[in-house]
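In what follows, a structure is listed as structure tokens, so that the remarks can point back to it.
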Amino acid sequence: MSTASVLFDAPGPRARIRNAIATLIAALIAVAVIAVVLWQFWRQGQFTAAKWEPFLTPNLWKTYLLPGIQGTLTAAALSIVLALILGFVLGVGRLSLHPLISWPCAVFVEIFRAIPVLIMMIFSFAAYGIYDVVPSKYQALAGVVTGLTLYNGAVIAEIVRAGVNALPSGQAEAASALGLRWGQTMRAILLPQAVTSMLPVLVSQMVVVLKDTAIGYQILFLEVVRQGTNIGSAYSNYIPALMVVAVILIAINFALSAFATRLERRMRRSHRGPAPLHADAVEQEGAPGAKAV
């Protein structure tokens, strides 16, 4: 059996040795760079106990970090849900056989994929403030969610379209031969398979949404990165504050990735058909549908 990969040939013994050496050198360089950075921080007194003690007090977490984490998670959760809904609607719409549906969806996707997220946040925040359609308390949150939803919804629409188009065309043809309409084929056959294959890419996009909530500080949105800078300003410990914020965001992203990995495995198991019968069982029980003579 050939061991060639789909994208490239499997490396031979010499190539594996070269790859191992290159990996080791890259790892040593990365460790050296990190060591130099930490050394410089230590020389500047960034690791003194006085700069880290505030993080052991409940007041700092209650005043700064917990409200920032709540703002980040709230904006990310709302944006992810709305972007997924919008993305699937636009993605399926782009695949529609009716030009009156596919063309508007395509125009929407191309426009909002090209506009920077920050511009959409600022525009939405200003519009909500001018027309007073959102209470002033939630205008910053609404601006962040609107910008993230429009941009990431357009990106997810392209992911959905690419995932469905990557499926074998014979499945849609077989469904058409069975008399299924386009909507039934998309809902019952194509989308369930495409979602399973698209899940890693969708998770990556969700992580992007989570990180992009930090842009909301431009419209005075209360999120964890902005709170980290506020801590640095209040306690004169910018570097420790940003390190703590980075650890918090890494932990949230790891939790999101672990949840998505578990969900993907569960979805793949649920889509599996029944296991084939063993040969001994067939001999003992008889072939399915066979009658005793």
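Given R₀ = 25 Å, what would the calculated FRET efficiency be for residue 220 paired with residue 111, taking r from the Cβ atoms and rounding to 0.05?
It comes out at approximately 0.40.
Compute from the Cα atoms of the chain the Rg and the Dmax, the latter being the longest Cα-Cα distance, and quote both in angstrom.
For the chain, the Cα radius of gyration and maximum Cα-Cα distance read 26.1, 91 Å.
Report the rotationally averaged projected area of region 149-279 based on its alpha-carbon convex hull, in square nanometres.
Its Cα hull, projected and averaged over all orientations, spans 12.1 nm².
Quickly work out the residue 246-to-residue 208 label distance, labels modelled 7 Å from Cα along the C-beta direction, and quote it in nm with one decimal.
With each label placed 7 Å out from Cα toward Cβ, I get 2.3 nm.
Sort 131, 138 by heavy-atom solvent-accessible area, probe 1.4 angstrom, most to least.
Solvent-accessible surface, decreasing: 131, 138.
Per-residue ellipticity at 222 nm for the chain, helices alone: DSSP H runs ≥ 4 residues times -39500 (n - 2.57), over residue total, nearest 500 deg cm²/dmol?
Per the formula, -24000 deg cm²/dmol.
In region 95-203, what is the volume of the convex hull around the alpha carbon atoms, normalised per residue and reported in Å³? Provide the component values of the computation, followed by the final result.
Details: hull volume 14.3 nm³, N = 109.
Convex hull of Cα atoms, per residue: 131 Å³.
Relative contact order, percent, of the chain when contacts are C-alpha pairs under 8 Å separated by at least 6 residues?
The value is 22 percent.
For helix 238-270, report the angle its Cα long axis makes with the longest principal axis of the Cα atoms of the chain; keep it between 0 and 90° and round to the nearest 10°.
It works out to around 10 degrees.
How tilted is helix 13-43 with respect to the longest principal axis of the chain? Cα atoms for both, answer in degrees (0 to 90, nearest 10).
Computed tilt is about 20 degrees.
Taking a ≥ b ≥ c as the square roots of the Cα gyration tensor eigenvalues, with a/c under 1.5 meaning rounded and otherwise prolate when a/b beats b/c, else oblate, which class fits region 8-140?
Oblate.
Within 10 Å of each candidate Cβ there may be at most 15 other Cβ atoms; applying that plus a DSSP loop requirement, which chymotrypsin sites (Phe, Trp or Tyr not before Pro) in region 1-97 survive? All intermediate terms of the calculation are to be shown ahead of the outcome.
Values: sites: 8, 39, 41, 42, 47, 52, 55, 61, 64, 88; in loops: 8, 47.
Passing sites in region 1-97 are 8, 47.
Hey, if you put +1 on the Cβ of every Lys and Arg and -1 on every Asp and Glu Cβ in the chain, which of 69, 56, 178 ends up farthest toward the positive end of that dipole?
The listed residue farthest towards the positive side: 56.
Longest span of the chain, sites excluded, free of trypsin sites (Lys or Arg not before Pro) in DSSP loop with at most 15 other C-beta atoms within 10 Å?
Numbers: sites that count: 181, 272, 291.
Segment 1-180 is the longest.
Please determine, in degrees from 0 to 90 and to the nearest 10, the orientation of helix 224-235 with respect to the longest principal axis defined by the Cα atoms of the chain, where the helix direction is its Cα long axis.
On a 0 to 90 degree scale, this one is about 20.
Which whole-number value in Å² is the accessible area per residue of the chain, probe 1.4 Å?
Numbers: 18720 Å² over 293 residues.
Here the per-residue accessible area is 64 Å².
Computing the accessible area with a 1.4 Å probe over protein heavy atoms, can you report the carbon and sulfur percentage for region 160-259?
That fraction is 67 percent.
The values are calculated or read from the model by the stated rules, or taken from the named source; none is laboratory data. As the structure is a computational prediction, the values presented were derived from the model and not from experiment. Virtual Cβ from ideal backbone geometry, glycine too; neighbours counted across all protein chains shown. To get the accessible areas, we keep the full protein, side chains included, count just its heavy atoms, and leave off ligands, DNA and RNA. Shrake-Rupley method; radii C 1.70, N 1.55, O 1.52, S 1.80 Å.
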